[in-house]
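All remarks here apply to the structure that follows.
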Amino acid sequence: MASRSDDLTSLSVRRGFLWPAVDLYGGFAGFYDYGHLGTALKAKWERAWTSTFLGLGDNYHRIDTATILPEASLKASGHVDHFTDILVTCTRCKETYRGDHIVESVTHREEEGLTPADVDAKVRELKIRCPKCKGELGPARPFNMMFPVGVGPLGVDRAYLRPETAQGAFLNFKREFEALRRKLPMGLAIIGRAYRNEISPRQGAYRMREFVQAELQIFFDPATFDSQLPVASVMGEPLRVAMAGEKHEPTAKDRTARDLVAAGLPPFYVYHMAQVQRFYLDRLRVPRDRFRFAELDERERAFYNKVHFDVQVLQDSLGGFREVGGVHYRTDHDLAGHAAGSKNDLSVLVGDHKVVPHVLELSFGVDRNVWALLDLGYDVAGGRAVLRLPLGLSPIDVGVFPLLSKGGMPERAEALHAELRRDLDAFYDDAGSIGKRYARMDEIGTPFCATVDHTTIEDGTVTLRERDSSAQIRIPADKLGPALHDLLTGRAEFKHLGPTVVKN
Ligand code: GAP
């Protein structure tokens, strides 16, 4: 029987979401290409992310920055010295493994925060051999994950592909602070590509070597940030959290924001956890029991973070809760590092005191989020394949069909399609039976289909079918555009728009 992951891979490849890059030549591990539907889904996720997170402050903006950075800047950020994974190589067949993965393959639990000495000790204790040839594993050692590039015709200027978009925001902080009239908090968001030479890219698009991040860096004065936010408005909100010692269990506990603050988390941090949770539960429609924040302890968290919770979604195709983002309190690590590295003063004057702003980072992997939407949405039960994407995120908003290829129906349907596609993603289809056309739209997540039939010619109404219920209502064709806008933005409910004519 095909696994969940096989089903999703088949859907992705067959219908045009994503697949391994360069598959003409057998693929290129860790690199993926997006087809027409995947590109549209990704763009809609990015749009939803942008409107949600830039909406958190009136001084939050998108910027777009270089993807190749000189060594000096990444030395100052700490990436040259600390951005490492642990590499283990088989002494016989030379296959390479990530230290934590090779241990996990035996313990069957996540092993974050191990040092090379820990990995060596576990390999000895658990008698772990090379999974491929059963050879002896060599000593574990740190491996820097950045891709070096030689810049200039002789390639002598050492540089790296950026390992995170975040650095672009730190490097441009001072310019934007001046351009935006010296106000804190200031948010700089970047959506763009990041590159990591992952030791073992695996689980499809989950661990890639080239991927897209959507990251918002919020620069703030730690003395005043809490008081600048409506923190009280979220204090009663239950957040789904697994603390560091609990996250090996596939569950989470509801803890109110107030309790998390009482347990020592900064109020501004918890306030933003609540915003992230709302994005997942309300906007992306992730079921509550499939969402959680998972705490990383001191050994596990990234070298630049003081407080670090991963954002995780329970995905059947990946076998459990998997990271799709993170809420990172980076303190003044980055600006202080770049101030020292560049010998530029990056402190700013706020009122009567000087401060090196601290940074709260809301960080997301776009590819992982797109995959999570496919995983959560794809339903093949009962012989009907439906991709239940959240409203407004489907690549196509509405399918437009003539019921028959005669009686003036194609002309009316084409005219309707031309009108709708002015400001919606509308798709025209007249091939095959109407049932097959609905099925094709269901499988790629199209939430609504409008059909021009005999009655349309008589009274100007069309049928509008809803993907999730497969119910149909009749609605005047000239009211369809506004009705679809209301449906897609959640301002109207399908069942209230008109009389149901068919309920499958
Ligand atoms: N700026 C902070 C930062 O880069 P991270 O946890 O290393 O933090 C942020 O990465 C997000 O980027 C992750 O939560 C994940 O969604 C995504 N990401 C990281 N590595 C990835 C990879 N190899 N493939 C796909 N997505 C990745």
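Here is the figure for the range 163-181: residues that are in a loop (DSSP other than H, G, I, E, B) and either modelled with pLDDT of 95 or more or buried (at least 18 other Cβ atoms within 10 Å of the Cβ) (or both) total 5.
So, of the residues in the range 188-202 that are in a strand (DSSP E or B) and in contact with a helix residue (DSSP H, G or I) (Cβ under 8 Å, 6 or more places away or on another chain), which turns out to be surrounded by the most Cβ atoms within 10 Å (Cβ to Cβ)? Step through it out loud before you land on a result.
To start, the set of residues in the range 188-202 that are in a strand (DSSP E or B) comprises 188-195.
Cutting the leftovers down to in contact with a helix residue (DSSP H, G or I) (Cβ under 8 Å, 6 or more places away or on another chain) gives us 188-192.
Numbers: LEU188: 26, ALA189: 21, ILE190: 22, ILE191: 22, GLY192: 17.
In this case the residue turns out to be LEU188.
Inspect the range 147-155 for any residue being within 30 Å of GLN213 (Cβ to Cβ), open to solvent by less than 50 Å² (accessible area, probe 1.4 Å) and in contact with a Pro (Cβ under 7 Å, 6 or more places away or on another chain) and give the result as yes or no. No: the range 147-155 contains no residue that is within 30 Å of GLN213 (Cβ to Cβ), open to solvent by less than 50 Å² (accessible area, probe 1.4 Å) and in contact with a Pro (Cβ under 7 Å, 6 or more places away or on another chain). Restricting attention to the range 192-208, the residues being of a type in the set (D, E, K, R), modelled with pLDDT of 95 or more and more than 7 Å from the ligand (Cβ to nearest atom) number 1.
For the range 209-238, what are the residues that are touching a helix residue (DSSP H, G or I) at 6+ places or on another chain (Cβ under 9 Å) and within 16 Å of the ligand (Cβ to nearest atom)? If the condition is that a residue be touching a helix residue (DSSP H, G or I) at 6+ places or on another chain (Cβ under 9 Å) and within 16 Å of the ligand (Cβ to nearest atom), then PHE211, VAL212, GLN213, ALA214, GLU215, LEU216, GLN217, ILE218, PHE219 are the ones that fit.
For the range 21-127, please list each of the helices (runs of 4 or more DSSP H) lying entirely inside it that holds at least 1 residues being farther than 30 Å from ALA244 by Cβ.
Working: elements: 36-54, 71-76, 79-82, 99-107, 116-125.
Because the criterion is at least 1 residues that are farther than 30 Å from ALA244 by Cβ, the helices (runs of 4 or more DSSP H) in the range 21-127 that meet it are 36-54, 71-76.
Applying the set (1) farther than 21 Å from ARG368 by Cα; (2) at pLDDT below 95 to ASP100 leaves exactly one unmet item: (1). Looking across the range 340-367, just one residue is open to solvent by less than 20 Å² (accessible area, probe 1.4 Å) and over 21 Å from PHE170 (Cβ atoms), and that is ASP367.
Within the range 308-324, being aliphatic (A, V, I, L, M) and either within 14 Å of the chain's Cα centre (by Cα) or within 11 Å of the ligand (Cβ to nearest atom) (or both) holds for VAL311, VAL313, LEU314, VAL324. When LYS247 is tested against (1) surrounded by fewer than 20 Cβ atoms within 10 Å (Cβ to Cβ); (2) more than 30 Å from LEU346 (Cα to Cα); (3) within 16 Å of the ligand (Cβ to nearest atom), just one condition goes unmet, and that condition is (1).
Figure legend. Inter-residue proximity from the range 106-124: first residues within 18 Å of GLY320 (Cβ to Cβ) and without any contact (Cβ under 8 Å) to a residue 24 or more places away in the chain, second residues open to solvent by 40 Å² or more (accessible area, probe 1.4 Å) and acidic (Asp, Glu), beta-carbon distance below 9 Å, spacing 6+ or different chains. Indicated pairs: GLU111/ASP118.
From LEU24, LEU87, grab the single residue that is touching a strand residue (DSSP E or B) at 6+ places or on another chain (Cβ under 9 Å) and either under 24 Å from TYR206 (Cα atoms) or open to solvent by less than 60 Å² (accessible area, probe 1.4 Å) (or both). Write out each step before concluding.
Details: LEU24 fails: touching a strand residue (DSSP E or B) at 6+ places or on another chain (Cβ under 9 Å).
After applying the criteria, what remains is LEU87.
Within this structure, ALA294 passes the test of being of a type in the set (Gly, Ala, Ser), assigned to a strand (DSSP E or B) and within 19 Å of the chain's Cα centre (by Cα). Candidates ARG15, ARG47: the one that is open to solvent by 60 Å² or more (accessible area, probe 1.4 Å) and modelled with pLDDT of 95 or more is ARG47.
Return yes or no: is PHE173 in contact with a helix residue (DSSP H, G or I) (Cβ under 9 Å, 6 or more places away or on another chain) and not hydroxyl-bearing (Ser, Thr, Tyr)? Against the criterion (in contact with a helix residue (DSSP H, G or I) (Cβ under 9 Å, 6 or more places away or on another chain) and not hydroxyl-bearing (Ser, Thr, Tyr)), PHE173 qualifies.
Against the definition (more than 15 Å from the ligand (Cβ to nearest atom) and buried (at least 17 other Cβ atoms within 10 Å of the Cβ)), how does ARG290 come out, yes or no? So that I can check it myself, show each step before the final result.
Working: more than 15 Å from the ligand (Cβ to nearest atom): yes; buried (at least 17 other Cβ atoms within 10 Å of the Cβ): yes.
Answer is yes for this residue.
Applying the condition of being acidic (Asp, Glu) and buried (at least 17 other Cβ atoms within 10 Å of the Cβ) to the range 293-311 and asking which residue is farthest from ALA372 (Cα to Cα) yields GLU300.
Checked against the criterion of being open to solvent by 20 Å² or more (accessible area, probe 1.4 Å), free of Cβ contacts under 8 Å to residues at least 12 places away in the same chain and of a type in the set (A, V, I, L, M, F, W, C), the candidates LEU265, LEU281, LEU314 yield just one match: LEU281.
Exactly one residue out of LEU335, LEU362, LEU349 is under 22 Å from LEU180 (Cβ atoms) and more than 16 Å from the ligand (Cβ to nearest atom), and it is LEU349. Set side by side, the residues VAL241, VAL261 differ, and just one is under 20 Å from the mean Cα position of the chain (by Cα), among the aliphatic types (A, V, I, L, M) and away from the ligand (no atom under 15 Å from the Cβ), which is VAL241. Of all residues in the range 402-410, none satisfies being within 16 Å of the ligand (Cβ to nearest atom), open to solvent by 10 Å² or more (accessible area, probe 1.4 Å) and touching a strand residue (DSSP E or B) at 6+ places or on another chain (Cβ under 9 Å).
Of all the criteria given as (1) hydrophobic (A, V, I, L, M, F, W, C); (2) open to solvent by 10 Å² or more (accessible area, probe 1.4 Å); (3) within 16 Å of the ligand (Cβ to nearest atom), the one not satisfied by VAL370 is (2).
The values are calculated or read from the model by the stated rules, or taken from the named source; none is laboratory data. As the structure is a computational prediction, the values presented were derived from the model and not from experiment. Cβ atoms come from the backbone with ideal geometry, glycine included; neighbour counts cover every protein chain shown. Each accessible area value is taken on the protein alone, full model and side chains, heavy atoms only, with ligands, DNA and RNA left out. Shrake-Rupley method; radii C 1.70, N 1.55, O 1.52, S 1.80 Å.
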